[in-house]
Structure formats: C-alpha cells, structure tokens
Amino acid sequence: MTTQTHPVDHELIEAAARIARTRCRGDHHTMAAAARAADGRIVTAVNAYHFTGGPCAEVVVIGTAAAQGAYDLDTIVAVGDRDRGVVSPCGRCRQVLFDYFPTLKVIVGNGDHVRTVPVTDLLPETYVWSDHQLDAE
C-alpha cells in the first residue's frame, strides 16, 4: 500500500450528499455517488438496491458518466442516505473501479477524517482482469 493521499474534493462530497438527501428514498435507493470527470464535470447517481444484489451507486455512476460522454473519471465518492456521510466502496466496487479506471482517486473515511487515496490502495494485491484474458485470435 502506498498510503499516498491527494487533496479532498469537498465539492464532490457535497454533490453526492445533496443527491443522497434529495433522491434516496426508502430501501431501494440508499446510497449516492458522485464522480469528477477529467474535464471537470461532476456526474451523480444512486444505487438500485435489490435482494439479488442490485448495482451500487459507484457502478451506476460509471454507466451514467458514459451515457454523458465522460469516459475518464478522476475522483469518486459515495455517500449514504440519512446523513451517514462518506462510505467506502464495497469489494466488488473496488474491483470494478480499478478495472475501469486504474488511476482513479477515491474519497474514503468519515466525519472530519476523510481522505483521498488511489483506488490501488483500496485493493492491494489486486486481481488484474486483463492479465487473465485469453488472447482473441
């Protein structure tokens, strides 16, 4: 683990918190995510909870960003509803975020102790999906 930290993007945290406060309702939408694209745009999304394991907000924001033409994300954060604050990505999201954006920065921590770290710090000894694909001929 490199323990390298980057400046915290408080505007991004507030964007996710605003979506969590205004769009998360009931048990279906309990998390919001916000990502900053390389061009500076902020893209937001909410999870789609389902007992079968519906997509987390971080995964939904990847698709939302692509739908808006933002294919290079710089930083991401997830925030829980009911003022739970910043929530670190689950294991599946960590792997997906790494696979899509290996240089992505992720805001983690809670309260006054949030920090921005490389996604690789959240997934040490990572599985690199592309390293295990057979070459197509």
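Side notes on the structure shown:
- Filtered by the rule that a residue be among the β-branched types (Val, Ile, Thr) and in contact with a helix residue (DSSP H, G or I) (Cβ under 9 Å, 6 or more places away or on another chain), the stretch 62-86 gives ILE62, THR75, ILE76, VAL77, VAL79, VAL86.
- Some residue of the stretch 83-99 being in a strand (DSSP E or B) and more than 29 Å from TRP129 (Cα to Cα): yes
- Filtered residue count, the stretch 100-134, keeping only those that are small (Gly, Ala, Ser) and part of a helix (DSSP H, G or I): 1
- Matching residues, the stretch 16-46, being over 12 Å from the mean Cα position of the chain (by Cα) and under 15 Å from VAL114 (Cα atoms): ALA17
- Scanning the stretch 1-15 for residues that are farther than 16 Å from SER88 by Cβ and under 16 Å from the mean Cα position of the chain (by Cα), we see that the one that is surrounded by the most Cβ atoms within 10 Å (Cβ to Cβ) is ALA15.
- Of all residues in the stretch 61-77, none are over 11 Å from the mean Cα position of the chain (by Cα) and in contact (Cβ under 8 Å) with a residue 40 or more places away in the chain.
Here is a yes/no grid of residues against (1) within 19 Å of ARG18 (Cβ to Cβ); (2) surrounded by fewer than 18 Cβ atoms within 10 Å (Cβ to Cβ); (3) acidic (Asp, Glu):
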site	(1), (2), (3)
VAL86	yes, no, no
PRO89	no, no, no
VAL96	no, no, no
ASP99	no, yes, yes
THR103	no, yes, no
ASP112	no, yes, yes
VAL117	no, no, no
PRO124	no, yes, no
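- Members of the stretch 38-82 found to be over 18 Å from ALA20 (Cα atoms), open to solvent by less than 20 Å² (accessible area, probe 1.4 Å) and either small (Gly, Ala, Ser) or assigned to a loop (DSSP other than H, G, I, E, B) (or both), listed by number: ALA70
- Of all the numbered requirements in (1) crowded, with 21+ Cβ neighbours inside 10 Å; (2) touching a Ser or Thr at 6+ places or on another chain (Cβ under 9 Å); (3) not hydroxyl-bearing (Ser, Thr, Tyr), MET31 misses one, and that requirement is (2).
The values are calculated or read from the model by the stated rules, or taken from the named source; none is laboratory data. Everything numeric here is computed off the predicted structure, so don't read it as measured data. FYI the Cβ positions are ideal-geometry reconstructions off the backbone, even for glycines, and counts take in every protein chain you see. Surface areas here come from the heavy atoms of the whole protein model, side chains and all, with no ligands, DNA or RNA. Shrake-Rupley method; radii C 1.70, N 1.55, O 1.52, S 1.80 Å.
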